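Everything on this sheet refers to the single structure shown next.
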């Protein structure tokens, strides 16, 4: 009788134990599922004149987040993207920054993409302690104003401009240059770096300006034709506008070599948009074309299979998003202890991150990328072909 009672007690205890284990497992699973999402902002021009570049960058960010979530998110917390369209407008960029700053679940931002929008929004991001990683804002002062939240994975214009000038002087042997800029922080800022480097080398420099809204370029092109320069340098932010200017130049009988900055390295808008008239043109690039990087081939195949041809900053957008995600994972072992300040500190300690850009990424004390190069490409047979490479040091050497 006693043995039977003991057996029944053991059976009951076993059932209770199994139930407890099942309940505990369910509680853990439920807790994991109930972890609130962690958010990253994606700030860029998703409408407006340069929306093609912005939307392709956004799609690259989405790919990085999808891959991270498939791998468990950030220490078990799924990642959500807060899309923030600034339309490349500094005023809108401030509103976007305020919106992202108010959402305390946003722990970092990829973007903004344009130098002018970064410059306008930086004070807001700094006040909120919200770190940003720009994939394409090259205006030098952005990392010279003491904003601890500012990081970028692209070299600065005071590296790109002198590199362009070096190529013009040493390789093209040009003696007279006409510079046209669009009065934007990026376009005028880049031109402001090219001009003194050319003058220091003894090159004659003439200069004029257009507006980003301009569509008729005959007034300035008439002046360019009269000046008869060896090369026209375009400090323009919109590759479609550059293509239109090049077509109008041909219509006026202006036979001259063109060169521009990284923002113009867009096959669809510049090469195809010019109807083949951009053939022979040179552009500088703030990084190697990722088609030349073995580590990028899987990304390219996946991106183009889903969205079509990449824009110039698609790879940089993907890289910036992955660096931000990596920093968030390193910020705290407890997924609920991840804060903006910890993420900012983790970004600053990024050391030799290897992704798809072809070089290990680190940041200096100002937030500038370390170890990048400036490349020069020429349009040959409807494609961008690399012709030169320079260190991305500020001296341009």
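Values in this text are rule-based calculations from the coordinates and carry no lab data. Worth saying up front: this structure is predicted, and the values here are computed from it rather than measured. Note: ideal-geometry Cβ built from the backbone for every residue, glycine included; neighbour counts use all protein chains shown.
Helix 157-170 and the longest principal axis of the Cα set of the chain meet at an angle near 40°. Full extension of the chain between residue 78 and residue 247 gives 56.0 nm of extra length, using 0.36 nm per residue less the Cα-Cα distance. Only Cα pairs under 8 Å and 6+ residues apart enter the sum, and on that basis the relative contact order of the stretch 60-191 stands at 17 percent. Between the Cα long axis of helix 2-33 and the first principal axis of the chain there is an angle of about 20°, rounded to the nearest 10.
Let me make sure I get this right: for the stretch 159-300, a, b and c are the square roots of the gyration tensor eigenvalues over alpha carbons, sorted descending. Under 1.5 in a/c it's rounded, otherwise prolate if a/b > b/c, else oblate. Which is it?
Cα axes put the stretch 159-300 in the oblate bin.
Is the C-alpha gyration tensor of the chain telling us rounded, prolate or oblate? Criteria: a/c under 1.5 is rounded; beyond that, a/b larger than b/c is prolate, otherwise oblate. Cα axes put the chain in the prolate bin. A crude spin-label estimate for the pair residue 213 and residue 389, with each label 7 Å from Cα along the Cβ direction, gives 4.3 nm.
As a check on your grasp of the helix formula, calculate [θ] at 222 nm for the chain: sum -39500 (n - 2.57) over DSSP H runs of n ≥ 4, divide by the residue count, round to the nearest 500.
Helix-only estimate at 222 nm: -14000 deg cm²/dmol.
Result for the chain in a Gaussian network model with C-alpha springs under 10 Å: among 249, 240, 71, the largest mean-square fluctuation is at 71. Fewest-first ordering of 293, 118 by other beta carbons within 10 Å of each residue's beta carbon gives 293, 118.
Of the DSSP beta bridges with both residues in the chain, give the percent that are antiparallel, rounding to the nearest 5. Within the chain, antiparallel bridges account for around 35 percent of the total. Taking the C-alpha atoms only, the angle from helix 115-128 to the longest principal axis of the chain is near 30 degrees. Using C-alpha pairs below 8 Å separated by at least 6 residues, the relative contact order for the chain is 17 percent. Sorting 387, 82, 194, 379 by the number of Cβ atoms found within 10 Å of their own Cβ, with the fewest placed first, yields 387, 82, 379, 194.
Take the alpha carbon gyration tensor of the stretch 113-219, find the square roots of its eigenvalues, order them as a ≥ b ≥ c, and report rounded if a/c is under 1.5; if not, report prolate when a/b exceeds b/c, else oblate. Verdict is oblate for the stretch 113-219.
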